[in-house]
1. Scan the range A:96-128 residue by residue and report those that are crowded, with 24+ Cβ neighbours inside 10 Å and more than 13 Å from the chain's Cα centre (by Cα).
2. Can you tell me which residue among A:PHE49, A:PHE58 is crowded, with 19+ Cβ neighbours inside 10 Å and over 13 Å from the mean Cα position of the chain (by Cα)?
3. From A:TYR39, A:TYR33, grab the single residue that is at pLDDT 90 or above and either closer than 19 Å to B:GLY112 by Cα or of a type in the set (S, T, N, Q) (or both).
4. Looking only at the range B:93-112, how many residues end up being within 22 Å of A:ALA142 (Cβ to Cβ) and more than 10 Å from chain A (Cβ to nearest Cβ)?
5. Filter the range B:68-92 down to residues that are away from chain A (no Cβ under 14 Å) and over 16 Å from B:GLU104 (Cα atoms) and give me whichever is modelled with the lowest pLDDT.
Amino acid sequence: MYNLIIALLNAKKWHYQVEKENSSVLFGVSANYGNIDCYLNIDDEKGIFSCISFCHCFVFTDKYTEITEFITRANFGLISGNFEFDLDSGILRFKTTFYYDKKNEVSMKLLEKYIYTNLYTIDTYTPALMSLAYTDITALEAVAEVENNVRLYLN
Amino acid sequence: MTKNPENKNHLRNLISLMHADGKIVDEEKSFIIQLGKKMGFEQSVIEHWIAENKHYQYSIPDSITRRYAELYEMIGLISIDGNIHKSELKLLHKIAGRFGFRKEIINAIIKGIQDFILKGFSQNTLDKDYSTMFKTV
């Protein structure tokens, strides 16, 4: 799986950093609404792949309740992955995971699909997250702005 | 960067915002001209837009997320040369305020852009659109 990840990043010609040989790679992409940092981690023993991405959204403590509601609303109905918010550190991220089998690994095309879906999801919600974090709109209004956007045709 | 209609609109919006407090100070004018040049416009054209601004009606986007997208783009444009001047920062704070954002958003975005460049990821871009496939009904 690790070799497949490296092969995919090389094929995309994306710059990346190996955080831990054979198990963790960091890369970033410039997306529509900001830059996204993304960690691709594998636990080869357990056969677990995870893709964890971060937008540069600092959450003030007075916004914790609103952000928590936003995430609950945004997570509902997501096909793949979920937002997570750490109430202790204020870290906000989007995580996609799947199990893999060493004998029957996923194809590069499918791996790309998981990673891109992760990146596009966090990118699409970024304007709403930033607006929620830095203005007085409510979580309900912020989610509605994303999900009513014509760019997003929901399956 | 090309002088496309969106860039023209952004620039004219900025000019209008600067006019909103009644006067344009020299450093603001200089900033607009520099930004316009980065977008590919001639200085004489930009100066003409500044002069005729009274005829241009600007309205802040209704959508708060659209405002964020515009603000992000402005900061991205300003950060292109790697230097953000004090006057540019001041104007960005002013725009953020008019858009209804806390001023802290400016530093958060700038820091994000600078960190990203330092990590060497600025050339990595998304080349496919999976935005239609992430949520069920």
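The values are calculated or read from the model by the stated rules, or taken from the named source; none is laboratory data. Quick caveat, the model's predicted, so the values are computed rather than measured. Cβ atoms come from the backbone with ideal geometry, glycine included; neighbour counts cover every protein chain shown.
1. Selection gives A:PRO127, A:ALA128.
2. Values: A:PHE58 fails: crowded, with 19+ Cβ neighbours inside 10 Å.
The match here is A:PHE49.
3. Checking each option against the conditions leaves just A:TYR39.
4. Count: 3.
5. Narrowing the range B:68-92 to residues away from chain A (no Cβ under 14 Å): B:78, B:81-91.
Narrowing the set further to residues that are over 16 Å from B:GLU104 (Cα atoms) leaves B:78, B:81-83, B:85, B:87.
On the way: B:ILE78: 71, B:ASP81: 62, B:GLY82: 66, B:ASN83: 71, B:HIS85: 73, B:SER87: 71.
Filtering first and then ranking leaves B:ASP81.
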